[in-house]
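Comments concern the structure below.
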Amino acid sequence: MKKIFLIVPFMLALYACNDDSTAGTNKETDQEPKQEEVVSEQPKNEVTYLASTAEWKIDDRLQEPAVDTVCEICNMKVYTKDHELGVFSAQSVKPDGTIAFYDDIGCLLNAELAQNQTNEKFVRDYITLNWINVEEATLVKTDIKSPMNWGYIFFAYEEDAKTYISENPTAKIEALDVVKQAAKERSEKMMHEKGDHEQHSEDQHGTEETHSH
């Protein structure tokens, strides 16, 4: 009998230990798992441009270049609206109402000099890609590579131009007259070089004819 009495307390003590161990496990299980601390980034200030919310008046005379359109002045490709270089494309409405396309601002401006006429000249607003009259646009000189390496982009609103410059410190506003003068000088230089090359070719051809005789 004594052995039985000794065994019973031992079994009860063993059961109590197991129960406490289980209870401890349940407590740990019941506790919510620790969540990792997530460091959230501060939202960047979104730049808002006036042109993106403005109402636009559509000029029914204006058109869009086709995939095979070439510049009237330099015969280089005029990029369509969906191309990354399409933002530099330009067009003019001539006195007779016909449309001509250009691949860059220089060609747009020099068309008047080459043809001795005054055209209505249009470029794309940088934000919306809508057509705007270049005489009313704000021109911004950038480091962006354009088809003829002019690097000018255009804004319908001067405030948008200033907003762009605040985000791109190397850019600057440029007066249209400055660009017109630069385009004229570049055109005259190219014509001069072309004339020298043609004269050199004629002289060389004449020399070869003399030698052949």
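The values are calculated or read from the model by the stated rules, or taken from the named source; none is laboratory data. Treat the numbers as computed from the prediction; the structure is a model and nothing was measured. Neighbour counts are summed over all protein chains in view; Cβ atoms, including those assigned to glycine, are modelled from backbone coordinates with ideal geometry. Accessible surface areas use protein heavy atoms only, side chains included; no ligands, DNA or RNA. Shrake-Rupley method; radii C 1.70, N 1.55, O 1.52, S 1.80 Å.
Observations, loosely collected:
- Surface accessible to a 1.4 Å probe, Ile58 within the full protein complex, Å²: 130
- When each of Lys77/Lys145; Lys94/Lys162; Lys94/Lys172; Lys162/Lys184; Lys121/Lys145 is checked by Cα-Cα distance, pairs over 25 Å: Lys94/Lys162; Lys94/Lys172; Lys162/Lys184
- Sparse-neighbourhood loop sites, chymotrypsin sites (Phe, Trp or Tyr not before Pro) in the range 132-179 - DSSP loop, at most 16 other Cβ within 10 angstrom: none
- Whole-number accessible area per residue in Å² for the range 46-183, which is evaluated in the context of all protein chains at 1.4 Å: 53
- Normalising the average separation of contacting C-alpha pairs (under 8 angstrom, six or more residues apart) by the number of residues puts the relative contact order of the range 57-196 at 18 percent.
- The range 57-196 shape via C-alpha gyration tensor axes, a/c threshold 1.5: oblate
- Within the accessible area of the range 57-196 (1.4 Å probe), percent carbon and sulfur: 49
- For the residues Arg124, Arg186, a 1.4 Å probe over the protein chains yields an accessible-area ranking, largest first, of Arg186, Arg124.
- Dipole-positive endmost among Tyr152, Ile173, Ala183 within the range 57-196 (Cβ charges, Cα centre): Ala183
- Our summary gives the range 89-170 a relative contact order of 24 percent, counting only alpha carbon pairs under 8 angstrom and 6 or more residues apart.
- The range 57-196, dipole about Cα centre (Lys/Arg Cβ +1, Asp/Glu Cβ -1), debye to the nearest 20: 220
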